[in-house]
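Undergrad: Let me begin by handing over the structure; questions about it come next.
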2 protein chains.
Amino acid sequence: MKVKFYVVWLIMKFNLKNTKEVQDSIARVFEICELNNLVFTEIRQKIFEIIIKYKKPIKAYEILDVFTEETEKRAHPPTIYRAIDFLIENGFIHKLNSINSYVGCFHPKVHKECYFLICKICNIYKECCDKNLTENIFKSANKRDFIVSNTTLEIEGHCNDCIQK
Amino acid sequence: MKVKFYVVWLIMKFNLKNTKEVQDSIARVFEICELNNLVFTEIRQKIFEIIIKYKKPIKAYEILDVFTEETEKRAHPPTIYRAIDFLIENGFIHKLNSINSYVGCFHPKVHKECYFLICKICNIYKECCDKNLTENIFKSANKRDFIVSNTTLEIEGHCNDCIQK
DNA sequence: TGTTGAAATGTTATAACATAACACTATACT
DNA sequence: AGTATAGTGTTATGTTATAACATTTCAACA
């Protein structure tokens, strides 16, 4: 049962967790795809699951590793990047440009913009919506005669848990 | 005079401009280095100039091309990246993570945080400070028990000039 | 004035991140 | 069944960035 051991190791290594929150997210994505006639293929599901179960921002080649091991198929980068494109396009995941990593979205299609708190110590991130702040950003840009199409707001620092320690 | 022609072509290609604003920026950086005992070597000067004269976000390997041509020395990536590190560390340039490009800072050391408007059509960027907005970001993060160390706010969209057209 | 130590630079190689291009397959719609 | 489209497999390569170690520069000091 070498394979099973390896999968257990991967789950530990990559800290995959199948919480209620995760299950809900997956269910919600299924629904949204249903409603919008989006094809949520096995590959896309698998990759979404890997991203959402991992509690930290995950890198494309880490996804590739997990995917290859868990499905026992040799996957290549384009497979991962194509799925990532699909997931970003439809708002199911986000890319954190400042660290070349991807994170699952816990409220897809609910919000237009969100921002991210990334802890430099534990690497855990938080996805946040602040309507007020979003409005502020838009106003500030509009004041400068600029029409916003999309924004990236990533905040690095230290989370409460890490400060306590 | 093949070399000269090539330099002219590069200047056109890379849209280098030596405006008063640019000269002032360079002078200011000299001053700041003087005051802070920073070694503003020839390489660092040259690379800062290339970035600041270029009116758009410039990529590391574009800097490398210009540098190699203008100085007629074979430069390698680490030369560029080391200078970039120095310049970012001291607030003379910024990196736009969303497009892997670098931009000169027109008011180094004056501000703590700034944000960027990037036009998707003409690629020109604007560096903006909005004290109110910055405070808002800090407040929003603090409300979530998060201590901010640095922020990235990049706004893509369309600038006024491009909308008019 | 020679020594030495730290910072800067040169050079080679390679790591890390991402996409182009083309062949093949599955599906869904006439 | 035919065919068009979206999705996937595969190879190769493009793009962005850094590791590691050798060499040079230059200021501080004995």
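Undergrad: Within the set of pairs 6+ apart or on separate chains, which have a first residue in the range A:87-104 that is free of Cβ contacts under 8 Å to residues at least 60 places away in the same chain and more than 9 Å from chain B (Cβ to nearest Cβ), a second that is within 12 Å of DNA strand C (Cβ to nearest atom) and acidic (Asp, Glu), and C-beta atoms under 9 Å apart?
TA: Every condition considered, the pairs that remain are A:Ser101/A:Glu62.
Undergrad: I'd like to know if the range A:60-68 contains one or more residues that are within 21 Å of A:Glu154 (Cβ to Cβ) and more than 16 Å from DNA strand C (Cβ to nearest atom).
TA: no
Undergrad: Here's something else I'd like to know. Look at the range A:145-165 and say how many of its residues are within 8 Å of chain B (Cβ to nearest Cβ) and out of contact with any helix residue (DSSP H, G or I) (no Cβ under 8 Å at 6 or more places or on another chain).
TA: Of the residues in that region, 6 qualify.
Undergrad: Keeping to the range A:66-98, report how many residues are part of a helix (DSSP H, G or I), more than 29 Å from A:Asn37 (Cβ to Cβ) and in contact with a helix residue (DSSP H, G or I) (Cβ under 8 Å, 6 or more places away or on another chain).
TA: 3
Undergrad: So A:Arg28 fits all but one of (1) touching a residue at least 40 places away in the same chain (Cβ under 8 Å); (2) out of contact with any helix residue (DSSP H, G or I) (no Cβ under 6 Å at 6 or more places or on another chain); (3) more than 23 Å from A:Cys114 (Cβ to Cβ); what number is the exception?
TA: All conditions pass for A:Arg28, except number (3).
Undergrad: Checking A:Ala27 against (1) small (Gly, Ala, Ser); (2) modelled with pLDDT under 95; (3) surrounded by 17 or more Cβ atoms within 10 Å (Cβ to Cβ); (4) not in a loop (DSSP other than H, G, I, E, B), which single condition isn't satisfied?
TA: (3)
Undergrad: Right, next: Among the numbered criteria (1) more than 7 Å from chain A (Cβ to nearest Cβ); (2) buried (at least 20 other Cβ atoms within 10 Å of the Cβ); (3) out of contact with any Leu (no Cβ under 7 Å at 6 or more places or on another chain), which single criterion is violated by B:Tyr115?
TA: For B:Tyr115, the exception is condition (3).
The values are calculated or read from the model by the stated rules, or taken from the named source; none is laboratory data. This structure is a prediction, so every number in the text was calculated from the model and none was measured. Here Cβ is always computed from backbone atoms with ideal geometry, including for glycine, and neighbour counts include all displayed protein chains.
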